[in-house]
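Undergrad: What follows is a single structure, and I will ask about it in a moment.
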Amino acid sequence: MKVLVINCGSSSLKYQLINPETEEVFAIGLCDRIGIHGSKFELEVPASNFELEKEKDMGTHKDALEMVIAALTDEEFGVVKSVAEIDAIGHRVAHGGENFSRSVLIDREVLEAIGANNCLAPLHNPENLMGILTCMLLMPGKPNVAVFDTAFHQTMPAEAFMYAIPYSEYKELKVRKYGFHGMSHKYVSTTAREIMGKPEMSKIIICHLGNGASIAAVKDGKSIDTSMGLTPTDGLMMGTRCGDVDPGALFYIKNKRGLSDKDMDTKINKKSGILGIFEKSSDCRDLEIARAGGDVRAELAINMMTYRIRSYIASYAAAMGGVDMICFTGGIGENSSLIRSKSLEKLKFMGIELDEEANSVRKKGNVKLSKNSSKVAIYKIPTNEELVIARDTFNIIQGK
Ligand code: AMP
């Protein structure tokens with residue numbers, strides 16, 4: 001079984017060819033700067049350690065996908081003889097709104113429903129749709145499956161997903177919390193439950209900390225709350241996104257500075273978070289180096305980030321009536337012992353005890369980070385969103 005996983009962005013197309021049953025990755029790559037001068041094509045074949053990186057003009061996503069197909073089927077370094085060997089295609093789709101609580105086989109109706117949610121994710125859904133249509137054009141007859149970033153969180157109860165604004169905004173405009181990073185939260189919580197021995201009941205908090213960051217409370221395998229909202233701007237302090245902020249403060253800034261909606265969008269999504277406070281970079285590694293050198297703003301940014309993570313952990317433990325396991329994932333969650341350690345500071349009263357030694361050692365794979373005496377298990381679990389897409393695609397075409 002070979003599933004082609006496609007993650008299509010405005011100027012990029014990431015792809016992987018995976019066997020969802022054995023988890024073998026046949027090929028992995030990226031088409032970058034599509035439609036921009038200096039496009040780049042990358043391919044890696046893990047089995048033979050083959051790597052290809054070349055500058056190649058790709059004016060459209062169709063050009064990019066043609067490159068992907070040509071590379072995958074190349075006589076010299078390709079991994080399949082022809083596209084006939086590809087059984088199905090799984091697509092990452094940002095926003096499924098309330099229409100999709102699980103992954104689906106794509107037909108005309110699904111395409112229309114994804115398009116109808118474009119207004120909820122104007123930067124992502126149209127690109128995802130374009131990726132799907134391009135695959136349908138270049139590989140006709142293959143089953144295409146949509147896997148949504150929002151679907152995993154559709155199990156949230158109304159008290160968690162509703163905003164306390166006039167009800168008509170929900171009824172008429174579908175304004176509510178949807179949550180994102182669903183594939184990552186699904187993958188990590190499924191792995192966590194496996195580590196726990198697949199108990200029927202479990203209370204897990206997943207901290208997905210990367211450039212974008214969100215926390216989810218997963219009770220008995222179902223998401224019951226998460227920190228991102230209608231959009232991925234809400235919740236934690238991120239690389240360049242502000243996270244939780246008083247909406248009144250935004251109106252105040254907008255009026256005082258005479259800013260447009262677009263200016264405000266740029267301010268809260270591209271100029272805030274770590275970058276907004278530290279001002280020199282949005283990258284957590286730069287932040288840690290500066291903090292070690294005594295940079296006061298770097299220290300403040302780290303304290304703000306970890307204060308908020310800690311607050312969400314305590315709040316979600318309250319929402320679930322306890323917590324059995326806390327998991328860290330994403331670029332920061334998997335790699336930064338400092339952020340993990342500071343995020344769990346002061347939580348000993350909840351039975352959360354980090355083993356600082358285990359936390360400071362860099363080890364690949366799933367790693368236990370809690371002391372044996374800790375009432376709550378703490379783990380680092382590297383995320384694998386592509387595998388979730390491949391597995392869901394496989395299950396759907398198998399009729400599961
Ligand atoms: P992601 O969006 O999941 O790729 O994560 C990107 C973030 O992970 C960036 O802020 C990186 O600085 C951060 N990151 C990657 N490696 C490390 C590391 N060793 N220590 C701290 N942060 C890291």
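Undergrad: Determine the per residue accessible area of region 1-116 with all protein chains present and a 1.4 angstrom probe, expressed in square angstrom.
TA: Value for region 1-116: 49 Å² per residue.
Undergrad: Looking only at 126, 199, 20, which one moves most when the chain is put into a Gaussian network model with springs between Cα atoms under 10 Å?
TA: Top of the fluctuation ranking is 199.
Undergrad: Return a whole-number percent for the relative contact order of region 6-76, with Cα pairs under 8 Å and 6 or more residues apart as the contact set.
TA: 22
Undergrad: For a test of the definition: using alpha carbon positions, the gyration tensor, and the 1.5 limit on a/c, classify region 247-364 as rounded, prolate or oblate.
TA: Values: a/c = 2.54, a/b = 1.53, b/c = 1.66.
Taking the square roots of the gyration eigenvalues as a ≥ b ≥ c, region 247-364 is oblate.
Undergrad: Something else: Summarise the accessible area of region 1-156 (1.4 Å probe, protein heavy atoms) by the percent that is carbon and sulfur.
TA: Carbon-and-sulfur percentage of accessible area, whole number: 49.
Undergrad: Grab the beta carbon distance between residue 123 and residue 201, set R0 = 35 Å, and tell me the FRET efficiency rounded to 0.05. Write down the numbers at each step before the final one.
TA: Numbers: r = 38 Å, r/R0 = 1.09.
That pair, residue 123 with residue 201, gives E of 0.35.
Undergrad: For region 51-202, what ratio Rg/Rh do Cα atoms give with a Kirkwood hydrodynamic radius?
TA: Rg/Rh: 1.06.
Undergrad: Counting alpha carbon pairs within less than 8 Å and at least 6 residues apart, what relative contact order, in whole percent, applies to the chain?
TA: Once divided by the residue count of the chain, the mean separation gives 14 percent.
Undergrad: Using the basic label-point model (7 angstrom from Cα toward the beta carbon), what is the residue 155 to residue 24 distance in nanometres?
TA: Taking the simple label geometry, residue 155 and residue 24 are separated by 3.2 nm.
Undergrad: Leaving ligands, DNA and RNA out of it, report the carbon-plus-sulfur percent of the accessible area of region 160-250 at a 1.4 Å probe.
TA: Of all accessible area on region 160-250, carbon and sulfur atoms account for 54 percent.
Undergrad: Taking a threshold of 25 Å on the Cα-Cα distance, which of the pairs 177/348; 219/368; 177/380; 2/219 fall above it?
TA: 177/348; 177/380; 2/219
Undergrad: With Rg and the Kirkwood Rh both taken from Cα atoms, where does Rg over Rh land for the chain?
TA: 0.96
Undergrad: Starting from the 7 Å offset along Cα-to-Cβ, what nm value, one decimal, do you get for the label separation of residue 101 and residue 263?
TA: Distance between the two pseudo-spin positions: 4.4 nm.
Undergrad: I would also like to ask the following. Working from Cα positions, state the angle (0 to 90°, nearest 10) between the long axis of helix 261-270 and the longest principal axis of the chain.
TA: Helix 261-270 and the main axis of the chain meet at about 80 degrees.
Undergrad: Same structure again: What number, rounded to the nearest 500 deg cm²/dmol, is the helix-based mean residue ellipticity at 222 nm of the chain, given -39500 (n - 2.57) per DSSP H run of at least four residues and division by all its residues? Kindly include the intermediate steps, with their values, before the conclusion.
TA: Details: 15 runs with 153 residues, N = 400.
Per the formula, -11500 deg cm²/dmol.
Undergrad: How would 17, 111 line up by accessible area, probe 1.4 Å, largest first?
TA: 111, 17
Undergrad: Output the 0 to 90 degree angle, nearest 10, between the alpha-carbon long axis of helix 385-397 and the longest principal axis computed from the alpha carbons of the chain.
TA: Tilt relative to the chain: about 50 degrees.
Undergrad: Tell me the relative contact order for region 1-141 as a rounded percent, counting alpha carbon contacts under 8 Å between residues six or more apart. Don't skip to the answer; put the middle values down first.
TA: Working: 244 pairs, mean separation 31.7, N = 141.
Reported relative contact order: 22 percent.
Undergrad: Ignoring solvent entirely, what values of log10 I(q)/I(0) come out of the Debye formula for region 45-89 at 0.20, 0.24, 0.26 Å⁻¹ when each Cα is a single scatterer?
TA: Here log10 of I(q) over I(0) equals -0.75, -0.99, -1.08.
Undergrad: Can you give the FRET efficiency for residue 400 and residue 70, using 1/(1 + (r/R0)^6), R0 = 35 Å, r = Cβ-Cβ distance, to the nearest 0.05?
TA: 0.60
The values are calculated or read from the model by the stated rules, or taken from the named source; none is laboratory data. Bear in mind the structure is a predicted one, so any value in this text is a computation, not a measurement. FYI the Cβ positions are ideal-geometry reconstructions off the backbone, even for glycines, and counts take in every protein chain you see. Calculation scope for accessible area: heavy atoms of the full protein, side chains included, ligands and nucleic acids excluded. Shrake-Rupley method; radii C 1.70, N 1.55, O 1.52, S 1.80 Å.
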